[in-house]
Each structure stands twice: as structure tokens, then as C-alpha cells.
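Below is one structure, written out as C-alpha cells; comments come after it.
Rule-based calculations on the coordinates, nothing more; no lab input. In this text the structure is predicted, and so the values were computed from the model without any measurement. Heads up, the Cβs are rebuilt from the backbone with ideal geometry, glycines too, and the neighbour counts pull from every protein chain shown.
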Amino acid sequence: MHGTELTELPARELVRLLTEGELSPAEAIDAALARIEAVDWQVNAVPTLCPERARAAAGRLAERDPPEDRRGWLAGLPVLVKDLTDVAGVRTTYGSPIFRDHRPERSDILVERIEARGGIVLGKTNTPEFGAGANTFNEVFGATRNPWNTALTCGGSSGGSAVALATGMAWLATGSDLGGSLRTPAAYCAVVGLRPSPGRVPHGPGPVPFQTLAVEGPMARDVRDLALFLDCMAGFDARDPLSYERPAVSFTDAVGWPARPARVAFSSDLGGITPVDPEIARICAAAAGRFAELGAEVAEDAPDLGEAMACFTTLRAALFVAGKAELLARHREQLKPEVVWNIEHGLRMTAAEIGAAERARGRIQAAAAAFFERYDLLACPAAIVPPFPVEIRYIEELDGHRFPSYVDWLAITYAVTLTGCPALSLPCGFTESGLPVGLQLVAPPRGEAALLQAAAALEDLLGLSAQLPLAPRPG
């Protein structure tokens, strides 16, 4: 099979070919490298490659037997890892000039799990500095461009992973999400990104192991590949104190079940917490309404998330202080302004302010829990505007509403972060100018299986996943 044809196949089909011996890991590596060479110069999504390490891993994989439990087994499939996540011996910059030449001695727990399940790390995908901001650019590698229109942003902070998937440079890629970093780039590139419940995917070890705002998760071209990758990632690891055992039924098996949500709530603005571009709202409403064709009752409703903006701004700033305050003291001149602002905002806060934010998050979580006693699923846009010019750092204003900070145009995703619920961005349509739109689907805590089932059913109905991979389209 020709390399180009291989890059067009779903990840699960590659895994079948690898498992049955019809394809070797070396051939899959060659196909991915050829595609990266042909495409990446137009979009700048995969700035770091490690082909020698990948070939060595393929050789070791050939010497071991597959595990008895094949759940999440990748059988030698090459994957790409976001540049916020450590890979032993591979340049890992976190998008920061401070770490321009950093090569960690050990891998993140997530990478260890992927490699233990037969995945082969082929390279690192671009990210904004420390994942701060939903436009993927940094002073080390520059900007990553949207393949649907290379003059526009791909979103962030998992922008490199989303672009690599959309263009066929990867079958699977990792992402991470604090305020929407898996969901926004997935929406902007017409791929699927899942923010799992905290603890579903172990990661670290890190300096703040008990935080629950930032998680790592899978990205793929369609929901069934996403389920495969989540099976690979999920499970307990004692080094992550919030992690827990994977469920008895695999996520791959779950998406094959005919279960559908009975009651779906849709809100274009999550109860009025943010303005939304009218075209985005219309496309998402039409897509959510199609759950009715699957037998669901669809209603206009949303939990009370009115405290989300103040709450998230405070808790995010406190997290930046915990993880990055020392960098501000030592390397202020090398940090981008948004990171400096976040850390300094946190340093100015009082214990009373942080305590108030924690209590507000408690009320948000309680409102979400009560909401999901009435509904199986919540749907809303995954981004409030279409992709915008890559030179714009972030959205400052929409429909006369001026956002207080660089993160607040992301309220439609970070409000969901505060609930602790799993959330997924699913391609649901295109604007009149041909730009992708993502629908955010949210399920009760630890409800990833039901979320994937609903997303797969709607994905089949919408029929958009066949449009990938695509060649980059110049703006």
C-alpha cells in the first residue's frame, strides 16, 4: 500500500494492519515521515521529530509479544505528542525560549502508557508558551497555521496536534486542556478532541499533583479512533494521586453500542455567559437538533454557570503561581506578556479571594450535577467565533462586548472545565466561507463512555469525518 494511502486510513485500520502483520511499524513510520515532509512546511505543526528513537522503539516492539489484554493496543502505530508533555531524550520546549534546548531525562506518565501499549512517539507538536492562549505561536518555533485556510489560526493550545491530524501527518496525537486547549483547536481544524474527567488519564509527575483544572487527553480524526486512544491512555498510576482504574467495558466497545441520549439540552451561549457569533450559534443549534433524529428530546437549557468567569480567572492564576512563579523571578524577560500577567495576577490575590473562587466552583459543580439529573447530554458551541487571522493573539471584543483578559473569549469551554465533566469537540458544519465549526458535547462526571456513544451517533449522522485528511489550503 502506498504511503499516501496509509495516511488516509483511520488509526484503527492501521492498528488492524499492524496487528495482523500486513504492515510493519517501520512502514507506518516511513509513511508518516513522508507526509510530514510534504505538508508541514505549509502549517508548522510538527517542529520536532525523533525518527531514530521511533525506529529503535519499533525494533524493541518486534521483540515482545502483545499483551493478553489488547485494550488500547496500538501495535506499533506512530503518534505525535504535544510539546508540553515530556518525552525522554527528545527536545521538549513547552513553547518557551527558556527551555529552547531542554531534553528531559524521563517521559511523562502519559507517554510511558502510550509506549507500553504499543504506540511509537514520532515527534512533538507545536503549542503556545506553557499552553497559555488559544492561538498556537511561540518564540521558539513560530506560528502554526490552520490547514483549512493557512492565513488563519488553528486555535490552541493543542494546535499542532489538531493540524497534524487534519492534514494526515498523524493518526493519533495527544493534547491537554485547562480552559479549552483540546476543544478549541479541534473545532478550528475539524478533528475530535476530548477533555476527560480529572483522573481519567494519568499524567505527571508534576509539582501540583492534586490540581483538577488541567488534564491530558486524546485527539483523533473521528470518534472511534478517539475511543481507541482513550483506551490506550486511561487507567490508574500511583504517581498521579487523582487517577483511577479504567472501566470494565472498553471505550472502543462502548462506541459500538446502540445506546443514545434520551434528553439533550442545547444552549448557544451556556445561559448567557458569553456572546457568540450568530453563524456559529445557528450551525451548532442545527447540529444539536439532529439528536432528535436519533430519538432524543432536545430542549433549550443550561446549568447556572454565571460565576464561571471570575472563578476561573482566580483559580487559573493561582495554578500559574504554583507552577510558574519561579520562572517569573528568574526569566521574566523571556516570558510572553500573557504568562507574566497570569502569574502576577495570582501573586496579587489574597487567600480570601482564592477561597471565594473555590466556593464558587463548588456551586458550579453542584449546579452541573443537578442539571445532569434532568439531561443526559449538554451541547453548545466549542468556540464562539470562527478561526481568525493568525497574527491576532486573541479575541478582544465581540458584538460590542469587550473581554476582560486574553482567556475570557474562551468562557464557553472554561466554564465546562470548572464542572469536572468530560467534554468533547465534534465537527458539526462549516461557515459560509468554508471554515470548520465544532459542537461541544458535555456528559456527567466520568461519563466518557456515554459521551463517546452520543458523539459517534451524531458523527455518523452528520457525515463530516470523511473530509479528512486534507492538503493545506492557502489563505
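Below, the figures for the structure above:
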read-out	value
Point-charge dipole on Cβ atoms (K/R +1, D/E -1) for the chain, about Cα centre, debye to 20	640
Net charge over other residues, Cβ less than 13 angstrom from the Cβ of SER267 (K, R count +1; D, E count -1)	-4
Relative contact order, percent, the chain [alpha-carbon distance under 8 Å, six or more residues apart]	18
Total formal charge among the other residues, if their Cβ is under 13 angstrom from that of ARG55, Lys/Arg +1 and Asp/Glu -1	-1
Spin-label pair ALA262/ASP460, simplified geometry with 7 Å Cα→Cβ offset, distance in nm	2.1
Relative contact order [Cα under 8 Å, 6+ residues apart], region 1-141, whole percent	26
Average Cα contact separation per residue, region 342-470, under 8 Å, 6 or more apart, as relative contact order %	25
Proxy reagent accessibility, fewest Cβ within 10 Å first, across ILE114, ILE36, ILE392	ILE392, ILE36, ILE114
Whichever aspartates and glutamates have a C-alpha closer than 20 Å to that of LYS336, once near sequence neighbours (fewer than 8 apart) are set aside	ASP83, ASP101, GLU129, GLU139, ASP177, GLU326, GLU344, GLU391, GLU396, ASP408
Qualifying trypsin sites (Lys or Arg not before Pro) in region 277-379, DSSP loop, other Cβ atoms within 10 Å at most 11	ARG374
Computed lengthening from GLU373 to ARG330, 0.36 nm per intervening residue step minus Cα-Cα distance	10.6 nm
Local net charge near ILE36, Cβ-Cβ under 14 Å (Lys/Arg +1, Asp/Glu -1)	-1
